[in-house]
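The values are calculated or read from the model by the stated rules, or taken from the named source; none is laboratory data. These numbers were taken from a predicted model, which means no experiment stands behind them. Every residue, glycine as well, gets a Cβ built from its backbone with ideal geometry; the counts of neighbours run over all protein chains shown.
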Amino acid sequence: MSTEIDWAARWREGRIGFHQDAINDLLVEHWPTVTPDATCRVLVPLCGKSKDMLWLLGRGPSVLGVELSPIAVDSFFVENGLEYVIEKRGAYQAFVGTGAATGLTLIVGDFFGLSPEVLGGRFDAVYDRAAIVALPPDKWAMYAQVVSQLMAPRSAGFMLTFDYPQNERNGPPFSVGFHDVKGCFEPGWAVELIDTMELTSGNRWELSRLQEPVIHLSRG
C-alpha cells in the first residue's frame, strides 16, 4: 500500500468525491456538548473547502483551517462569497477572512510542519472530520503528535472517522477505528466513543461493513 497520496493533484484534477456540500449533522448535534465554551479557538486540520467551518465560525469567534491545496482554500472563499486577504506566515500562506468571514483563517501548506508560533498560539478545540482517515497508517502517530502540540493544556476534540475491513479496499479514506484513535492519542488524551453510525447499507465502496465512529477527545 502506498504511503504517499498526491492531494494537490486530486484538487487540480477535480477528484474530490470526498467533499461534502452539506454541513455535517453530527457536528451540529454534538459540538455544543463537546465544546460548551462558544468562545474557544478551533483548529480544523486538512479542512478542504468544508462548509462545516462556516457553522463553527457562526458559533464562535475564531476558526483556523489547514489545507495543503490553495485551490481548495480559494474555492472555499469564492463559493461562499467571502472576502479575504493573503498574509505570509513563515513558509505558509494565510488566507485571512474579512467582512462576514472575520475570525476565519485558512493556512495553506504542510500540516506536519506547523507550530503554535506559526499559528499565533494554541487552540482550545480541534474538529477532525475525515482528516486522519485521509492519512495512511504510518502517519497517524505523527498526526496525533502535531495535533497535541497545537492544542492548549485543557482542550477538547471531536473526530469522525471510517471503520471498515481495510483489506477490502485501499484508502483513502483509510479505515481508522475507535481503538486506532485511542492508540494514537492516549495517554495524553481521554478518548471516548460517543456513538457509531451504521453506513454499511448501500455504501458506495460496496464494503461488507462500514461504520462511522463518533469520538470525543478531552485533555486536562
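A compact table of results
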item	result
Those residues of the stretch 146-184 which are outside any loop (DSSP other than H, G, I, E, B), within 15 Å of Q211 (Cα to Cα) and in contact with a strand residue (DSSP E or B) (Cβ under 8 Å, 6 or more places away or on another chain), in sequence order	M159, L160, D163, F178, V181
Selected residue [modelled with pLDDT of 95 or more, crowded, with 17+ Cβ neighbours inside 10 Å and among the hydrophobic types (A, V, I, L, M, F, W, C)] from V85, V34, V44	V44
Residue tally, condition touching a Lys or Arg at 6+ places or on another chain (Cβ under 7 Å) and either over 28 Å from F174 (Cα atoms) or at pLDDT below 95 (or both), over the stretch 117-151	1
Residue count for the stretch 185-202, restricted to those that are outside any loop (DSSP other than H, G, I, E, B) and of a type in the set (F, W, Y)	1
Residues (over 10 Å from M53 (Cβ atoms), touching a residue at least 12 places away in the same chain (Cβ under 8 Å) and in a helix (DSSP H, G or I)) located in the stretch 63-79	P70, I71, A72, V73, D74, S75, F77, E79
The stretch 165-192 residues that are without any contact (Cβ under 8 Å) to a residue 24 or more places away in the chain, paired with ones that are crowded, with 18+ Cβ neighbours inside 10 Å and not acidic (D, E) (beta carbon under 6 Å, 6 or more apart)	Q166/S175; K182/V191
